[in-house]
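Beneath this line is the structure, given in structure tokens, with notes to follow.
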Amino acid sequence: MSNTSKKVRTRFAPSPTGGLHLGGVRTVLFNYLFTRQNNGEFILRIEDTDRTRFVESAEAYIYETLAWCGLSPDESPAAGGPYGPYRQSERKDLYRQYADRLIRDGYAYYAFDTPEELETMRTAYKTEQNPSPRYDSTLRDKMRNSLTLSQEETNKLLEQGIPYVIRIKVPENETLRFTDMIRGEVIFNSSETDDKVLLKADGMPTYHLAVVVDDYLMKITHSFRGEEWLPSAPVHVLLWKYLFGLENMPTWAHLPLIMKPDGNGKLSKRDGDRLGFPVFAMNWTDPRTGDFTKGYRELGFLPEAFINMLAVLGWNDGSEQELFSMDELLDKFSVERIHKKGAKFNYEKALWFNKEWIKTLPAEKLKPHVEYWLKNAGIDISGKEAALTTIIDQVKDRCTLLTDFVEQTAFFFKAPEQLDLNAILKKWDAQKNTFFVELIRAYELAPDFTPEHLEHTFKEIAAASQLKPGELMLPFRIMLVGGKFGPHVFDIAAAIGAQQTVSRIKYALGLLETGNSGQ
Ligand code: GLU
């Protein structure tokens, strides 16, 4: 069963039922890192056999998320590839032969039970020791299936077109084992598992049959998936054994859960709504209900930060290092260092990663993001694109989210609409007014509008008026940007230029006279 000599092929196999949970993106990331480290191929397979939960737009959302994160697959429904189709619904006819083969070999059977009959079974066999009876080796001989009916009766029902499902015949009390890349040897007793449905009445395979058949046909060698799939593993081991003699079974890695911040259970979409942070990668609107869920991208996260934050949820490189670029992850990631225990999610930490990545990335790299957000806020920067790089460098240390760049840079391009006049008025007097009138005159005549020159002139006039520059700096800042924020005030003045600086001071002086706070 060794897969070491074969080309590594991994897959991410989401069901297109909604937005992508951050745990899903982490699964992609670990698959991706492992694949790239082994010069392998990473496949995206859409597991859309459950038509009741299918959501049309979810597949496009998955592509967009993966593209945003820089984790694009080598093979997928969109990219194609030699093992397609990559959408299970388009492979429907192919699964049937495997289900038939299992029946032929005595590993599966037809079950004709109606929903009412199943319900009756659940109540009739309910006991204190067995509060939720299941369709398994202890009860299957009490049900209406091809094991309890004669061959003729079964054939008759099939010919009559009576609806049926195909179930796996899980053996009683058999030890099943496999080696997990994270957990080591995992042992199950087959009696813990019921006779899962493999093929549904509509002819669609269930997840269990489809995942095994497709992993086989697509030559998957390794499969990283969430720990929530561990209970399904015994069914998969059995199917691998019955269909393919266990040969080429992929090596599984069941990833630790991402837990609620308090460590109590798996982080769900609802926790995000309750605790005020996103759980989805990008904004998602459920087309069926219209329900809207906010995502990391639209909140102003950098993909670099989002990826970094996910990488360290359940993994570290053994050192104190927390910031990892994709190149470093490709270099340092190792399955051996993935934790077995669930990782507690911490939104404050996610914000910290974003802030650090904004600080770390050069302004040139941040520029397209900032341009996007400014445009989104209706701020026109045309003609001043070149200045944006310098501006970003001046303000980036003050930004936690990309959206913060709007407040931190908008005033470079547009006079503020609102001024925090109250903050000025607290210490305002005629002497300060005179100072600014003189400053206007000096700045109008300034031959050189550099930050150094502007600061020098400012201080000179302050000294002549016997005022402390420190007390004038805040009003000046508010006049230029609207509030108590922004980079060095003379850098701002120099960047917006003489004409804008003077007109903003004049406008503020006018408002101060009338006590008005702006539009
Ligand atoms: N279709 C499953 C899901 O929605 C895939 C689980 C697996 O990777 O085996 O997550």
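The values are calculated or read from the model by the stated rules, or taken from the named source; none is laboratory data. It should be emphasised that the depicted structure is a prediction, and the values quoted were computed from it without experimental measurement. FYI the Cβ positions are ideal-geometry reconstructions off the backbone, even for glycines, and counts take in every protein chain you see. Side chains are part of the model used for accessible areas, which takes the heavy atoms of the whole protein and leaves out ligands, DNA and RNA. Shrake-Rupley method; radii C 1.70, N 1.55, O 1.52, S 1.80 Å.
Provide a single number: the residues in the stretch 140-159 that are surrounded by 13 or more Cβ atoms within 10 Å (Cβ to Cβ) and among the acidic types (Asp, Glu).
Residues that pass the stated criteria total 1.
For the stretch 197-313, which strands (runs of 3 or more DSSP E) that fit wholly inside it have 3 or more residues that are within 15 Å of the ligand (Cβ to nearest atom) and modelled with pLDDT of 95 or more?
Filter on the stretch 197-313 gives 222-226, 251-255.
Hey, among the residues in the stretch 383-411 that are touching a helix residue (DSSP H, G or I) at 6+ places or on another chain (Cβ under 9 Å) and not in a helix (DSSP H, G or I), which one's most open to solvent (accessible area, probe 1.4 Å)?
384
So the check is Cβ under 6 Å with 6+ separation or different chains; which pairs have a first residue in the stretch 230-259 that's among the β-branched types (Val, Ile, Thr) and a second one that's within 10 Å of the ligand (Cβ to nearest atom)?
The qualifying pairs are 235/208; 258/23.
Would you mind telling me which numbered condition in (1) in contact (Cβ under 8 Å) with a residue 24 or more places away in the chain; (2) part of a strand (DSSP E or B); (3) open to solvent by 50 Å² or more (accessible area, probe 1.4 Å) residue 187 fails?
Exception for residue 187: condition (1).
Looking at the stretch 284-298, which of its residues are within 19 Å of residue 63 (Cα to Cα) and in contact (Cβ under 8 Å) with a residue 40 or more places away in the chain?
284, 286, 287, 293, 295, 296, 297
Of all residues in the stretch 455-494 being within 25 Å of residue 416 (Cα to Cα) and basic (Lys, Arg), which is most open to solvent (accessible area, probe 1.4 Å)?
Checked the stretch 455-494; the qualifying residue most open to solvent (accessible area, probe 1.4 Å) is 484.
Which ones in the stretch 8-29 are away from the ligand (no atom under 12 Å from the Cβ) and either in contact with a strand residue (DSSP E or B) (Cβ under 8 Å, 6 or more places away or on another chain) or more than 26 Å from residue 269 (Cβ to Cβ) (or both)?
Within the stretch 8-29, 8, 9, 19, 22, 26 qualify.
Return the residues of the stretch 371-409 that are under 21 Å from residue 490 (Cβ atoms), among the polar types (S, T, N, Q) and in contact (Cβ under 8 Å) with a residue 60 or more places away in the chain; say none if nothing qualifies.
390, 394, 408
Which one of these is open to solvent by less than 40 Å² (accessible area, probe 1.4 Å) and either among the β-branched types (Val, Ile, Thr) or at pLDDT below 95 (or both): 168, 162?
168
Of 202, 215, which residue is charged (D, E, K, R), open to solvent by 20 Å² or more (accessible area, probe 1.4 Å) and in contact (Cβ under 8 Å) with a residue 40 or more places away in the chain?
202
Inspect the stretch 500-509 for any residue being basic (Lys, Arg) and open to solvent by less than 50 Å² (accessible area, probe 1.4 Å) and give the result as yes or no.
Checked the stretch 500-509: at least one residue is basic (Lys, Arg) and open to solvent by less than 50 Å² (accessible area, probe 1.4 Å).
Which one of these is under 24 Å from residue 61 (Cα atoms) and not aliphatic (A, V, I, L, M): 202, 262, 215?
The match here is 215.
Output the number of the condition that residue 39 fails; it satisfies all remaining conditions of (1) away from the ligand (no atom under 14 Å from the Cβ); (2) of a type in the set (S, T, N, Q); (3) within 15 Å of residue 217 (Cα to Cα).
(3) is the only condition that residue 39 fails.
If you check residue 348 against the conditions, is it in a helix (DSSP H, G or I), surrounded by fewer than 18 Cβ atoms within 10 Å (Cβ to Cβ) and touching a residue at least 12 places away in the same chain (Cβ under 8 Å)?
No: the conditions fail for residue 348.
Testing residue 433 on (1) under 21 Å from residue 487 (Cβ atoms); (2) at pLDDT 95 or above, one condition comes back false. Which one is that?
The number of the failed condition is (1).
Between a residue in the stretch 433-452 that is at negative phi and any residue that is of a type in the set (D, E, K, R) and part of a helix (DSSP H, G or I), which pairs come within a Cβ distance under 6 Å, given they are 6 or more apart or on different chains?
From the stretch 433-452, the pairs are 451/491.
Of the conditions (1) basic (Lys, Arg); (2) open to solvent by 60 Å² or more (accessible area, probe 1.4 Å); (3) assigned to a strand (DSSP E or B), residue 126 clears all except one; give me its number.
(3)
Among the listed residues 331, 380, which satisfies the condition of being modelled with pLDDT under 95 and surrounded by fewer than 16 Cβ atoms within 10 Å (Cβ to Cβ)?
Just one listed residue meets the conditions, 380.
When you go through (1) free of Cβ contacts under 8 Å to residues at least 12 places away in the same chain; (2) buried (at least 16 other Cβ atoms within 10 Å of the Cβ) one by one for residue 304, which number turns out not to apply?
(1)
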